[in-house]
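This report refers to the structure that appears directly beneath it.
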Amino acid sequence: MKFCSQCGDSVSLKVPKGDNRPRYVCQACAFIHYQNPNVVVGTLPVLIDPSGELKILLCRRNIEPRFGFWTLPAGFLENAETSSEGALRETVEESCATIGNLALYRIFNVAHTNQIHMFFRADMLNDQFSTTTESSDVRLFSFSEIPWSELAFPTVHKALMDFIDDHKIGHFPVEMGDIDESYWRKM
């Protein structure tokens, strides 16, 4: 950051009085520019197909970052919306799927990217979905069909792994964990 969003003058990085970490502070108007983590919200949409098999909806990214890789429908939370509203919006934007029964499932702290990722379990209310400008392909996958080597993000990988384990025991506790840079090497 070089300029103040309040007055346009230069900013400098310093520890403001009463604070304990460096912040960008305007040299002219003394406005303190706090930079906080971004929140990513998404869903883990599931559908039971006519044979009774549980399937998970995944989207192939048609945008950067990780263009061409598979992900759960997710994106940045917008101002003036709740986390569940954002997850629902992102699911529609990326898959045109109709979902319901959202239940918080996983929260991941991704400190090295200044992000917090929240995933909600969700039921698909019908089998209708489609591609969008953000997703070049949208498909339902059984557990054995998930394209593990083509997943876009570690948080998606971990959420899916946890869901498969939890599905085996029929219990889906809400959990929080940390995802660091080394998780990429584990995938």
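Assorted remarks:
- Among the residues making up the range 1-31, those that are of a type in the set (S, T, N, Q) and without any contact (Cβ under 8 Å) to a residue 24 or more places away in the chain are 10, 12, 20, 27.
- Residue 113 vs. criteria among the polar types (S, T, N, Q), exposed (fewer than 13 other Cβ atoms within 10 Å of the Cβ) and over 20 Å from residue 141 (Cβ atoms): no
- If you go through the range 165-187 and keep only what is within 20 Å of residue 46 (Cα to Cα), surrounded by 14 or more Cβ atoms within 10 Å (Cβ to Cβ) and free of Cβ contacts under 8 Å to residues at least 60 places away in the same chain, you end up with just 166.
- Filtered residue count, the range 85-118, keeping only those that are touching a residue at least 40 places away in the same chain (Cβ under 8 Å) and of a type in the set (Ser, Thr, Tyr): 3
- For the range 73-89, the count of residues that are surrounded by 17 or more Cβ atoms within 10 Å (Cβ to Cβ), of a type outside the set (Asp, Glu) and under 19 Å from residue 53 (Cα atoms) is zero.
- Residues of the range 27-60 that turn out to be crowded, with 18+ Cβ neighbours inside 10 Å and among the hydrophobic types (A, V, I, L, M, F, W, C), as a count: 9
- In the range 140-158, residue nearest to residue 46 (Cα to Cα) [restricted to those that are among the hydroxyl-bearing types (Ser, Thr, Tyr) and surrounded by fewer than 19 Cβ atoms within 10 Å (Cβ to Cβ)]: 142
- Only residues that are in contact (Cβ under 8 Å) with a residue 60 or more places away in the chain, in contact with a strand residue (DSSP E or B) (Cβ under 8 Å, 6 or more places away or on another chain) and exposed (fewer than 14 other Cβ atoms within 10 Å of the Cβ) were counted in the range 128-139, giving 1.
- Any hit, the range 16-26, residues being surrounded by 15 or more Cβ atoms within 10 Å (Cβ to Cβ) and under 20 Å from the mean Cα position of the chain (by Cα): no
- Any strands (runs of 3 or more DSSP E) falling wholly within the range 62-171 and containing at least 3 residues that are touching a helix residue (DSSP H, G or I) at 6+ places or on another chain (Cβ under 6 Å): 99-110, 115-124
- Considering (1) under 13 Å from residue 124 (Cβ atoms); (2) modelled with pLDDT of 95 or more, the lone condition that residue 39 does not fulfil carries the number (1).
The values are calculated or read from the model by the stated rules, or taken from the named source; none is laboratory data. Given the structure is predicted, the values throughout are model-derived calculations rather than measurements. So basically every Cβ, Gly included, is an ideal-geometry build from the backbone, and we count neighbours across all protein chains shown.
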